[in-house]
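The values are calculated or read from the model by the stated rules, or taken from the named source; none is laboratory data. Note that this is a predicted model, so its numbers are computed, not measured. Backbone-built Cβ (ideal geometry, glycine too); neighbour counts: all protein chains shown.
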Amino acid sequence: MNSVALRYFHEVARAGSIAAACQRLNVAGSAVSRQIAALEYEVGAQLFDRQPRGMVLTEAGRLLAQHVRLSLLEEERVLADIRSNGTRNIGTIKVATSQGLASNFVPEAARIYRQRFNDVRFDIRALGPTDIIAAVTAGEADLGIAYALGNHPGVIVRHRAITPTFVILAPKHQLGRRKLIRLEELDGLPVATSRDSTLRGMVSRRAAVLGVHFDIVYESDYSDGLFNYCASGEALAFASRFSAARWMDRGELRAVPLADAELFERSIEVQTMAGRTLPGYVEDWIRFLLGRLPADEKPVIPAQRRADGA
């Protein structure tokens, strides 16, 4: 198949319209349209549904788009491995991850790794769970580090660990010295939360069952902002210890286990694109990363579950 036609097809598939693809390619729309028409004639199938709002891939188009995407990524991998020459790690590692992990765990792991391999660069994108999967399956990220949403045919899970949810709050908070907190005790208390997250949905559903109402006083898409707000002592948040590690290390926040902790467990996953062979330096980073991630983590729950948390 014509390489120019495939490149134009790939850009239209990514952009969703010929006009947007032309801007990326810096070519005329008529040239792109001719190449797409020629490619459809060659493969003997319609690749796009032409709709008023853009170009939508047909089933045949999706199959070809996946093939082209993998071919382009394989070309990049071969060139990257040639540059590394089997002895050095050289290249940019593209990671899609959550806000919480992007603020502490991932940058710390990257910093330590670069002490050994300073020719490696990192491109970190903080996204929501569905956008992380989309970035991995599109080849826009080499790997995703995300809280699981369930199985997805476009990704392979390289590592999965169960992580409990904690109440994150300042030591000076009214519950700041507790060893265990029941969700019912948070009824009416000020809470800081992200606008849209798997964790917020999980906690909210359980709260609804128990008839618990949170006073949402601070909402943000920026996890660092949530923890900074909680450090004042006014509000509390729900998060993993991964996300709040920096504030905990400084003694500004504590992570208190929730009673019935198994109801608030999530899985953190390292995800890669199905069918893709990654460059050697990316695989080396993944091995390093897995060594820093825990196996299934369980919170230490006090033996006695009294209402006062003693």
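Report whether or not A80 is among the small types (G, A, S), buried (at least 16 other Cβ atoms within 10 Å of the Cβ) and touching a strand residue (DSSP E or B) at 6+ places or on another chain (Cβ under 6 Å). So A80 fits the description; yes. For the range 214-292, the strands (runs of 3 or more DSSP E) that sit wholly inside it and include 2 or more residues that are under 17 Å from L189 (Cβ atoms) and of a type in the set (D, E, K, R) are 215-219.
Is it true that R177 is in a loop (DSSP other than H, G, I, E, B) and at pLDDT 90 or above? For R177, the condition - in a loop (DSSP other than H, G, I, E, B) and at pLDDT 90 or above - is met.
Can you tell me which residues in the range 39-65 are touching a residue at least 12 places away in the same chain (Cβ under 8 Å) and either farther than 16 Å from A19 by Cβ or not assigned by TED's automatic domain parsing to the domain that holds Y8 (or both)? The answer is L39, E42, V43, A45, Q46, L47, L57, T58, A60, G61, L64, A65. Looking across the range 178-190, just one residue is without any contact (Cβ under 8 Å) to a residue 40 or more places away in the chain and of a type outside the set (D, E), and that is G188. Quick one: in the range 180-199, of everything that is touching a Lys or Arg at 6+ places or on another chain (Cβ under 8 Å) and not in a loop (DSSP other than H, G, I, E, B), which residue is nearest to E219 (Cα to Cα)? The selected residue is T193.
Return yes or no: is A134 in contact with a helix residue (DSSP H, G or I) (Cβ under 7 Å, 6 or more places away or on another chain), of a type in the set (G, A, S), crowded, with 17+ Cβ neighbours inside 10 Å and without any contact (Cβ under 8 Å) to a residue 60 or more places away in the chain? For A134, the condition - in contact with a helix residue (DSSP H, G or I) (Cβ under 7 Å, 6 or more places away or on another chain), of a type in the set (G, A, S), crowded, with 17+ Cβ neighbours inside 10 Å and without any contact (Cβ under 8 Å) to a residue 60 or more places away in the chain - is not met.
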